[in-house]
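Down below is the structure, laid out as structure tokens.
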Amino acid sequence: MIRKAVIPAAGYGTRFLPITKALPKELLPIIDRPTIEFIVNEAIESGITDILLIVSSNKNAIIDYFDYNLELETILLSKNKKEEYGIIRNIATGANIHYIRQKEQLGLGHAVLQAEAFISNEPFVVLLGDDMYVGDPKPVTKQLIDVYEQVKTSVLGTIEVPKKETSRYGICIPKGEKKGAVTELAGVIEKPKVEEAPSRSAIGGRYVLTPTIFKYLRDQQRGVGNEIQLTDAILRMMSEEKVYACDMTGKRYDVGNKVDYIEAILDFGLRNPEIKEDLANMLKKKN
Ligand code: G1P
């Protein structure tokens with residue numbers, strides 16, 4: 001049983017400056033809820049009961065978002081605004097949310113290493129906040145957990161990307177010929193040059209990892225971008241344990257990318273009973 005999740009949320013959000021100077025990128029809204037709430041809900045819907053958010057010094061607003069706000073609650077109740085009270089009271093109630101501060105931003109591998117004491121000795125999932133999914137038919141994290149239950153070792157969630165984008169991702173090297181959605185891996189390489197990319201199968205920001213990963217993260221040297229890379233530690237772990245890739249099914253939004261972010265807002269808006277008709281009419285007039 002996989003019960004624990006790690007969500008790194010300590011990055012600078014440079015792609016969305018200047019707003020991220022004052023607002024953590026994880027709180028950029030999809031209409032009226034922040035992107036990180038969708039990531040947290042995906043974990044909860046995948047059966048996770050305990051979530052560790054790795055934050056940094058300027059991210060206190062994330063902690064406030066998942067906390068009660070007694071002052072606002074009192075005001076809403078005194079004005080008999082029960083619906084609004086329910087909305088702010090019932091955020092991510094399905095899991096315990098824990099926090100730890102990453103004191104310096106040395107890379108994704110270093111962020112995940114901060115979770116070692118919390119995870120202890122059990123398999124866990126990692127969800128990256130820039131990758132938002134509407135899983136089909138089930139949440140993508142649940143898709144990976146179901147594969148873990150079969151193979152009982154680490155599983156990386158993968159997506160196929162165009163050749164020219166391979167240099168932006170961790171890229172998988174399948175062991176033997178790839179058949180079906182689940183493949184054993186022979187290697188992974190973080191952000192290869194396009195001409196050196198061994199495949200178009202990219203790590204899509206979702207991982208099931210065994211606790212063995214911490215042994216490798218502890219002494220992981222800096223890699224691409226002078227950062228301690230999770231991908232590099234996974235590669236070294238492969239000398240000891242099998243690692244699988246599983247192609248995830250569903251719609252992905254790279255919400256660190258401005259156009260994808262706007263697409264997410266539009267898609268969610270077009271499904272939102274409160275605004276979908278007005279939004280669809282507004283969009284029609286734009287064509
Ligand atoms: C991170 C990982 C990379 C992965 C990507 C998915 O890179 O290091 O392996 O493919 O997330 O979004 P980042 O986008 O943080 O540079």
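The values are calculated or read from the model by the stated rules, or taken from the named source; none is laboratory data. This structure is a prediction, so every number in the text was calculated from the model and none was measured. Neighbour counts are summed over all protein chains in view; Cβ atoms, including those assigned to glycine, are modelled from backbone coordinates with ideal geometry. These area figures cover heavy atoms from the full protein model, side chains too; ligands, DNA and RNA do not enter into them. Shrake-Rupley method; radii C 1.70, N 1.55, O 1.52, S 1.80 Å.
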Among residues of segment 259-269 being within 15 Å of the ligand (Cβ to nearest atom) and not aromatic (Phe, Trp, Tyr), the residue surrounded by the most Cβ atoms within 10 Å (Cβ to Cβ) is 264
By residue number, the members of segment 148-178 that are in a strand (DSSP E or B), more than 13 Å from the ligand (Cβ to nearest atom) and touching a helix residue (DSSP H, G or I) at 6+ places or on another chain (Cβ under 9 Å) are 154, 155
What about residue 231, is it crowded, with 20+ Cβ neighbours inside 10 Å and among the polar types (S, T, N, Q)? yes
Can you tell me which of (1) in contact with a Lys or Arg (Cβ under 6 Å, 6 or more places away or on another chain); (2) part of a helix (DSSP H, G or I); (3) β-branched (Val, Ile, Thr) is the one residue 213 doesn't meet? (1)
Looking only at segment 126-147, which residues are open to solvent by less than 10 Å² (accessible area, probe 1.4 Å) and within 12 Å of the ligand (Cβ to nearest atom)? 126, 127, 132
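Could you please give the count of residues in segment 88-144 that are among the basic types (Lys, Arg) and part of a loop (DSSP other than H, G, I, E, B)? Break it down into steps so the answer makes sense when it comes.
Within segment 88-144, the first condition is being among the basic types (Lys, Arg), and the residues that meet it are 89, 101, 103, 138, 142.
Filter once more, keeping what is part of a loop (DSSP other than H, G, I, E, B): 103, 138.
Selection size over segment 88-144: 2.
Residues are listed down the side, and each one gets a yes or a no for (1) of a type in the set (A, V, I, L, M, F, W, C); (2) in contact (Cβ under 8 Å) with a residue 40 or more places away in the chain; (3) in contact with a helix residue (DSSP H, G or I) (Cβ under 7 Å, 6 or more places away or on another chain):
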residue: 245; (1), (2), (3): yes, yes, no
residue: 255; (1), (2), (3): yes, yes, yes
residue: 261; (1), (2), (3): no, yes, no
residue: 275; (1), (2), (3): yes, yes, yes
residue: 287; (1), (2), (3): no, no, no
Across segment 46-62, which residue is surrounded by the fewest Cβ atoms within 10 Å (Cβ to Cβ) among those that are over 19 Å from residue 102 (Cα atoms) and under 14 Å from the mean Cα position of the chain (by Cα)? 46
Would segment 215-226 turn up any residue that is touching a Ser or Thr at 6+ places or on another chain (Cβ under 6 Å) and either more than 13 Å from the ligand (Cβ to nearest atom) or touching a residue at least 60 places away in the same chain (Cβ under 8 Å) (or both)? no
In segment 227-246, how many residues are basic (Lys, Arg) and away from the ligand (no atom under 15 Å from the Cβ)? 1
Identity of the residue in segment 98-125, within 28 Å of residue 30 (Cα to Cα) and polar (S, T, N, Q), that ends up surrounded by the most Cβ atoms within 10 Å (Cβ to Cβ): 102
Condition check for residue 199: open to solvent by 30 Å² or more (accessible area, probe 1.4 Å), within 16 Å of the ligand (Cβ to nearest atom), on the phi < 0 side of the Ramachandran plot and among the hydroxyl-bearing types (Ser, Thr, Tyr): no
Restricting to segment 65-97, and then to whatever is open to solvent by 60 Å² or more (accessible area, probe 1.4 Å) and within 20 Å of the chain's Cα centre (by Cα), can you tell me which residue is modelled with the highest pLDDT? 96
Looking only at segment 179-196, how many residues end up being open to solvent by 30 Å² or more (accessible area, probe 1.4 Å), within 15 Å of the ligand (Cβ to nearest atom) and closer than 25 Å to residue 123 by Cβ? 1
Matching residues, segment 18-27, being within 16 Å of the ligand (Cβ to nearest atom) and over 10 Å from residue 55 (Cβ atoms): 20, 25
